[in-house]
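Working notes for the structure below.
Quick note: the coordinates plus some simple rules give every number you see, no bench work behind them. Keep in mind that this is a model prediction, so the values were computed, not measured. All Cβ positions, glycine included, derive from the backbone under ideal geometry; neighbour counts span all protein chains shown.
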Amino acid sequence: MSDAARRDRLVEDLAGDLEPVGRLAAPSVRALAWLAAVLSLAVLLAPMADLHTMRVRLQVPDLCGAAIGACLTALCAALAAFQTSVPGRSRLWALLPLPPLALWVGASGLGCLRAWIAPDSNIADAAEMRGCIYFLLGVSLPLSALLVVMLRRACPMRPNLTAALGGLATAAAAAALLVPFHPHDATASDLAVHALGVLVIVALNGLAGGRLLDRR
């Protein structure tokens, strides 16, 4: 048997046991699949929420803007995370969630003036603030775990960036899910607590998630 024939035989033997690998769905499709999980969680939590109060509160412009900003941030950050998880995709995708993030932060920041503009505002006490941050962290945990599993399949070349974007998507989704359970008005102290929760979620995802996504 010639060298060429032996080489071809070796290649055939090595390739004979290989199984075809399914092609990943498009980043937008996978992002929508993760968002569907977020919506499923929202449906599960709905019976425990005060939906009537939520509808009344969403008639306030800054509260409505903050809720819309959080939802759009979750959508854009999730899409950016899945896009950057694909080798060869531009890191400029990381800029996608910045406009809705600005809306979310800006509208939420108006709550800093609420106690001055409306002295009768229902200001959260310490127990309610702790409840907010516990809710944010508790809801973000399963959403983060699911997102890391989904992102890991694409072998990201910039795992920390992808994980940080995933953390932003998770934090924004958790903040959006908090809206029906947020009976008090947004104030400076309340905003600070929410910001702390969001930063912790993004940081933990960026560090821990980055390690889990790094497959090199």
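Estimated translational diffusion coefficient (Stokes-Einstein, Kirkwood radius over Cα pairs, 37 °C, 0.692 mPa s) of the stretch 22-93: 229 µm² per second.
The length gained on full extension between residue 90 and residue 29, counted as 0.36 nm times the residue separation minus their Cα-Cα distance, comes to 20.1 nm.
Subtracting the Cα-Cα distance from 0.36 nm times the residue separation, let me have the gained length for residue 207 to residue 137 in nm, one decimal.
Values: separation 70, 0.36 × 70 = 25.20 nm, distance 1.57 nm.
Between residue 207 and residue 137, full extension yields an extra 23.6 nm.
Ranked by the mean number of other Cβ atoms within 10 Å of their residues, highest first, the peptides 36-44, 166-174 fall in the order 166-174, 36-44. The label point for residue 46 and the one for residue 145, both projected 7 Å from the Cα toward the Cβ, are 2.5 nm apart.
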